[in-house]
Amino acid sequence: MKKVALSEVKDDLSRYLRLAEKEEIVITRHGKAAGVLIGFVSEDDWFAYRLERDPRFAKRIASARASLRAGRGARLEDIEGESARRRGSQRTGERRRG
């Protein structure tokens with residue numbers, strides 16, 4: 001994390017945006033932290049940042065975790081096993097028809 005005075009950031013914002021892709025830039029005003037500049041390398045990074053801070057998404061995650069703790073959920077292994085069985089039966093059906 002790098003600290004930079006607001007006056008420097010204003011004078012060379014493009015440079016600091018490039019730097020922010022690699023590390024957060026703390027912007028200071030009169031020597032005190034005033035904000036953070038965060039850069040994104042890709043659209044996926046921007047999407048992930050927004051998703052992580054979306055209160056609706058956080059609420060859905062909390063709800064899903066509560067459901068799992070209450071025993072209302074499915075194990076990934078069970079879902080993968082069921083999916084593999086379905087693919088296998090579809091292939092068998094294709095061979096019978098052919």
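The values are calculated or read from the model by the stated rules, or taken from the named source; none is laboratory data. Computed from a prediction, not measured in an experiment: that's the story for all the values here. All Cβ positions, even for glycine, are placed from backbone atoms using ideal geometry, and neighbour counts span all protein chains on display.
Some notes on this structure:
- Selection from the range 23-74 of residues that are within 30 Å of Leu6 (Cα to Cα), among the small types (Gly, Ala, Ser) and surrounded by 11 or more Cβ atoms within 10 Å (Cβ to Cβ): Ala34, Gly35, Gly39, Ala48
- The sole residue among Arg56, Arg75, Arg85 that is at pLDDT below 95 and within 24 Å of the chain's Cα centre (by Cα) is Arg75.
- Close contacts from the range 1-21, counting a first residue that is assigned to a loop (DSSP other than H, G, I, E, B) and a second that is surrounded by 13 or more Cβ atoms within 10 Å (Cβ to Cβ) and of a type in the set (Gly, Ala, Ser), with Cβ to Cβ under 7 Å and a gap of 6+ residues or different chains, come to Glu21/Gly39.
- Options Arg15, Arg97: the member that is out of contact with any strand residue (DSSP E or B) (no Cβ under 6 Å at 6 or more places or on another chain), at pLDDT 95 or above and either assigned by TED's automatic domain parsing to the domain that holds Lys2 or surrounded by fewer than 11 Cβ atoms within 10 Å (Cβ to Cβ) (or both): Arg15
- Residue match in the range 25-36 (condition: under 22 Å from the mean Cα position of the chain (by Cα), assigned by TED's automatic domain parsing to the domain that holds Met1 and part of a helix (DSSP H, G or I)): no
- Residues of the range 36-45 that turn out to be of a type outside the set (Val, Ile, Thr) and in contact (Cβ under 8 Å) with a residue 12 or more places away in the chain, as a count: 3
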